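Some notes on the structure that comes next.
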Amino acid sequence: MKKLALFTSCLLIAISFSSCGVALIQTDPKNDIYINGIKKGTEQVEIKRNGIPGKRQVEIKKGNKVVNSVYIKRKITIKSFLFGWPGLFFCWQFPKKTYLKGRKKSEENIWSLPPQNLSIWDTKK
């Protein structure tokens, strides 16, 4: 009985590593994708999706300038519970697809604008 349980556990681990193999990271044309500081490609990169819990820093660079940066991390899924204890350690997954814009939107801050006269008594307009 113990041999059957061990065999089943090993089989489930093997299946978990073989399915849903890659996570796709995309960006705008002519932008480079860096993962943990290492250039992995331009416009589109595939990384291993399944594995132990962890996170990766994804940076989008145009030339040598970082224009966008985000951390992606593996999350626990239903599959993790289906595989029992081994699944709780080895079956965490990155999102299937991640898209990062080449440029962040410039956020307009009201504190960076010049002051306005909003008095109701001011008739000069």
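Each reported figure results from applying straightforward, stated rules to the coordinates on display, with no laboratory input. Please read all numbers here as calculations on a predicted model, not as lab measurements.
For G102, list long-range residues whose amide hydrogen, built 1.01 Å from N in the peptide plane, is under 5 Å from its own amide hydrogen. It is D28, by chain and number. If both residues of a DSSP beta bridge must be in the stretch 2-103, then about 85% of such bridges are antiparallel. Amide H contacts of N31: E43, each under 5 Å away and 5 or more positions distant or on a separate chain (H built 1.01 Å from N in the peptide plane; Pro and chain starts excluded).
With contacts taken as Cα pairs under 8 Å and at least 6 residues apart, the stretch 2-103 reaches a relative contact order of 30 percent.
Classify the stretch 2-103 as rounded, prolate or oblate from the Cα gyration tensor: take a ≥ b ≥ c as the square roots of its eigenvalues, call it rounded if a/c is under 1.5, otherwise prolate when a/b beats b/c and oblate if not. Verdict is prolate for the stretch 2-103. Pairs with C-alpha atoms separated by more than 18 Å, drawn from the list K55/K101; K65/K96; K48/K101; K55/K96, are K55/K101; K65/K96; K48/K101.
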